[in-house]
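Asks: Below you will find the structure I want to go over with you.
The values are calculated or read from the model by the stated rules, or taken from the named source; none is laboratory data. Predicted model, so just to flag it, every value in this text is computed and none were measured. Here the Cβ positions follow ideal geometry from the backbone for every residue, glycine too, while neighbour counts run over all protein chains shown. Side chains are part of the model used for accessible areas, which takes the heavy atoms of the whole protein and leaves out ligands, DNA and RNA. Shrake-Rupley method; radii C 1.70, N 1.55, O 1.52, S 1.80 Å.
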Amino acid sequence: MPTYALANERIQQPPGEKEPSKAMMNSFEKVDRAMDSVMPEDRSQIPLMAQFVTFPAHYAGIKQKDAFYDVDLNIKAYAKVFAELGKPDCSYYCIPGDAAFGEELECYRPGYELADDDATYQFHETQRMDIDDYQDILDHGWNQWHTRYLMSIQHPALERPEQLGAAYAQMGQRIGVFAGWLASQGVAPITDIAVMPPFDSLSLFRSFMPFTMDLYDEPDLVKAVCDKAADEMIEGTLKNAKANAHVHRIGLFAMRSDCDTLSPDLFDEFAWPTLSRMILAFDKAGFKSVIHADSNWLPILDRFLKLPAHCVSFELDGKTDIFKAAQILDGWQSFRGDVPATTLAFGTPDEVFEYCEKLITEIGLKTPGFILGSGCEIPFNAKPENVKALLTCLGNNA
C-alpha cells in the first residue's frame, strides 16, 4: 500500500515534565492536549500550526526547482523563517517534491515541466481511470491498480513497480531527515503518515466530471470499489503507521468529501461509510485521524459526534465557518484553522493579528480542542510581515 510516512529513525520529543506546567509545556504536549480536547489554562497553551510547503524557500531566496527535492536547502529555508519570523508548534514534514508526490496527481514541476525555475508546482487533473477499471479493482484488488496508476503519472512514466518502490524509499528517507530536524527544533510533525480515502482517490483519478456521472450511473459499482479499496488501505496504512509511530496520528486527505462538492445525502451514501470505517479502524489501533477538510464541512460535522471522542482532528481552510464548527464539535473532536491564505498574501499584519486574536478569544479560550493556524497552506506569495504576525500572535515567539 503506497502511503508516505516518517522514516524509522526515532523522533525525540524535547524534554518536558510528565505533568507539564504552564511554564514548561512543550509543543508536542500542547498539540497532544489540544487533540485530546484538554481546555487550555491560558493562551500560552494554545498550539500554533503553520502549513508550510513552498513559502520557506521563497522567503529564503531559494528557487523552487532547487528546493523541490533538497532536504538541506529546505532546512536552511525553514531555519531562516524560524529565526526571523517565528516558530510554530507543529507543521507538515514534507518538502515540496514529497508533498506534490503524495497528492497522487500528475504534477508539473518548476524547472522541469514548467519553464520557470521559481514557479510553484501545478497539478494536472485528467481522466486516468476508465469505467472498466472499477471491475479490474474488484477482480484483482486496489493495490495492483493503484501501483500502475502511480507509475503512469510520473515524469517520465515508470516501467517497473520496483522504480515506484525506490521513489517511495527515497521520499521516506527525506521525510525522516526533515521531520527529525523539525522535532529537534521543538516542532511536532502533525502526523506520522497520510493516505487519501477511497472516495476522494476515485474522484481525482477518474476526474471530477466523469466521476460525478458515475455516482448517478453506476452507484453500486462505485460503492463496491470504495469498500474494496478501504480494506486494503486500512491494512496497508496501519502496517506503515505502526512501523513509524511517533505522534500516533494519521492524515486523511478527504479533499472531495466536502459539501461544496457533495450534498449531505451524497456524502452519507458514498463518502461516509468508508471514511468512518477508516477512522474507527485507526482509532482502535491507537491512532487519531487528522482530516484535511478543504472547503465546507459544516453541514456534515455532526456525523463525527457519533464517533469516539477525540479520534478526529479537522484542518479547516476558511470555507467552513470555524466559529459555528466550534459550537458543533464542542470539545468532542478537535480542529485547526483558519487564518485565510488571502489575508496572509494581501492583508496587513494588523488584519492578521486581529483575526488571530478573535480566534483566540472567541474560540481558543472558550472551546477545548482548538489549534490556531493557517487555513490550508501558507501561500507562496504570503507577505513575511503577515506570516510573522501569525507566528507571534500567541506571544510565544515575540
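Asks: In terms of modelled amide H atoms, which long-range or inter-chain residues lie less than 5 Å from the amide H of Lys319?
Replies: Amide H to amide H, under 5 Å and 5 or more residues apart or across chains, Lys319 pairs with Ser295.
Asks: Report the extension gain between Tyr149 and Asp260 in nm, rounded to one decimal, defined as 0.36 nm multiplied by the number of residues separating them, less their alpha carbon distance.
Replies: Stretched out fully, the Tyr149 to Asp260 stretch lengthens by 37.3 nm.
Asks: Which whole-Hz ³J(HN,Hα) couplings does the stretch 293-299 yield from phi under the Karplus relation 6.51 cos²θ - 1.76 cosθ + 1.60, θ = phi - 60°, glycine and proline marked x?
Replies: 9, 5, 6, 8, 10, 4, x
Asks: May I pose another question? Could you list, in their original order, any pairs among Lys63/Lys358; Lys319/Lys388; Lys80/Lys324; Lys30/Lys383; Lys65/Lys87 whose Cα atoms are separated by more than 32 Å?
Replies: Lys63/Lys358; Lys80/Lys324
Asks: In whole angstrom, and with the biggest value first, how far do the Cα coordinates of the stretch 59-112 range along each principal axis?
Replies: Taking max minus min along each principal axis of the Cα atoms, the stretch 59-112 gives 34, 23, 15 Å.
Asks: Related question: For the stretch 88-131, report the % of Cα-Cα distances exceeding 14 Å. Don't jump to the answer; show the numbers that get you there.
Replies: Values: 540 of 946 pairs.
So the portion of pairs separated by more than 14 Å is 57 percent.
Asks: I'd like the Kirkwood hydrodynamic radius of the stretch 74-168, using the inverse of the mean 1/r over distinct C-alpha pairs, in Å.
Replies: Taking every pair of different Cα atoms in the stretch 74-168, averaging 1/r and inverting gives 15.9 Å.
Asks: Modelling each spin label as a point 7 Å along the Cα-to-Cβ direction, I'd like the Glu351/Asp132 distance in nm, to one decimal.
Replies: 5.3 nm
Asks: Considering the options Trp297, Val177, Phe101, tell which one lies farthest towards the positive end of the dipole of the chain, charges being +1 on Lys and Arg and -1 on Asp and Glu at the Cβ, about the Cα centre.
Replies: Val177
Asks: Based on Cβ point charges of +1 for Lys and Arg and -1 for Asp and Glu, what charge dipole magnitude is obtained for the stretch 133-175 about its Cα centre, in debye rounded to the nearest 20? Could you put the intermediate results ahead of the total?
Replies: Working: 3 positive and 5 negative charges, 53 e Å.
It comes to approximately 260 debye.
Asks: State log₁₀ I(q)/I(0) for the stretch 255-398 at q = 0.08, 0.16 Å⁻¹ as given by the Debye formula over alpha-carbon point scatterers of equal weight, solvent excluded.
Replies: Scattering profile of the stretch 255-398, log10 relative to I(0): -0.23, -0.85.
Asks: Return the FRET efficiency for the residue pair Ser207, Glu162: r is the Cβ-Cβ distance, R0 is 30 Å, and the value is rounded to the nearest 0.05. Intermediate results must be reported in sequence, preceding the final value.
Replies: Details: r = 28 Å, r/R0 = 0.94.
After rounding to 0.05, the efficiency reads 0.60.
Asks: Mind putting a number on the dipole of the stretch 277-398 about its Cα centre? Charges go on the C-beta only, +1 for Lys and Arg and -1 for Asp and Glu, and I need it in Debye to the nearest 20.
Replies: 520 debye
Asks: Of all the C-alpha pairs in the stretch 119-271, what % are more than 28 Å from each other?
Replies: So the portion of pairs separated by more than 28 Å is 28 percent.
Asks: Something else: Under the rule of at least 5 residues apart or a separate chain, name every residue whose amide H is placed under 5 Å from the amide H of Ser91.
Replies: Ala188, Ile190
Asks: To check you understand DSSP bridge types, tell me what percent of the beta bridges within the stretch 244-319 (both residues inside) are antiparallel, rounded to 5.
Replies: Approximately 0 percent, going by the DSSP bridge assignments.
Asks: Step through the residues of the stretch 370-387 one at a time and calculate ³J(HN,Hα) from phi using the Karplus curve (6.51 cos²θ - 1.76 cosθ + 1.60, θ = phi - 60°), rounding each to whole Hz and writing x for Gly and Pro.
Replies: 9, 10, 6, x, 6, x, 6, 6, 5, x, 3, 9, 4, 6, x, 5, 6, 5
Asks: Excluding ligands, DNA and RNA, what is the solvent-accessible area per residue of the chain at a probe of 1.4 Å, expressed in Å²?
Replies: Normalised by residue count, the accessible surface of the chain is 39 Å².
Asks: Continuing with the same structure: Find how much the distance from Lys366 to Glu103 grows on full extension, using 0.36 nm per residue of separation minus their present alpha carbon separation; answer in nm with one decimal. Walk me through the numbers on the way to the answer.
Replies: Details: separation 263, 0.36 × 263 = 94.68 nm, distance 3.50 nm.
Result: 91.2 nm gained on full extension.
Asks: Okay, moving on. Beyond 40 Å, what percent of the Cα pairs of the chain remain?
Replies: Of all Cα-Cα pairs in the chain, 11 percent lie more than 40 Å apart.
Asks: While we're on this one: In a shell of Cβ-Cβ distance under 10 Å around Ala241, excluding Ala241 itself, what net charge do Lys and Arg (+1) and Asp and Glu (-1) give?
Replies: After counting each charged neighbour, the total is +2.
Asks: If R0 is 25 Å, what FRET efficiency do you get for Asp231 and Glu269 from their C-beta distance, rounded to 0.05?
Replies: Working from the Cβ atoms, E equals 0.85.
Asks: Got a sec to turn the phi values of the stretch 232-247 into Karplus ³J(HN,Hα) couplings, 6.51 cos²θ - 1.76 cosθ + 1.60 with θ = phi - 60°, whole Hz, x for Gly and Pro?
Replies: So the J values, rounded to whole Hz, are 6, 5, 4, 4, x, 5, 5, 4, 6, 5, 5, 6, 10, 7, 10, 10.
Asks: Additional query: Assuming R0 = 25 Å, what is the FRET efficiency of Ser44 and Ala83, from their Cβ-Cβ distance, to the nearest 0.05?
Replies: After rounding, the FRET efficiency stands at 0.75.
Asks: Enumerate the amide H contacts of Val339 below 5 Å, restricted to partners 5 or more residues apart or on another chain; note that Pro and chain-start residues carry no placed amide H.
Replies: Under 5 Å from the amide H of Val339 lie the amide H atoms of Gly373, Ser374, Gly375, each far enough along the sequence or on another chain.
Asks: Roughly how many debye, to the nearest 20, is the charge dipole of the chain about its Cα centre, given +1 on each Lys and Arg Cβ, -1 on each Asp and Glu Cβ, and no other charges?
Replies: On the way: 35 positive and 59 negative charges, 276 e Å.
With only Lys, Arg, Asp and Glu charged at Cβ, the dipole is about 1320 debye.
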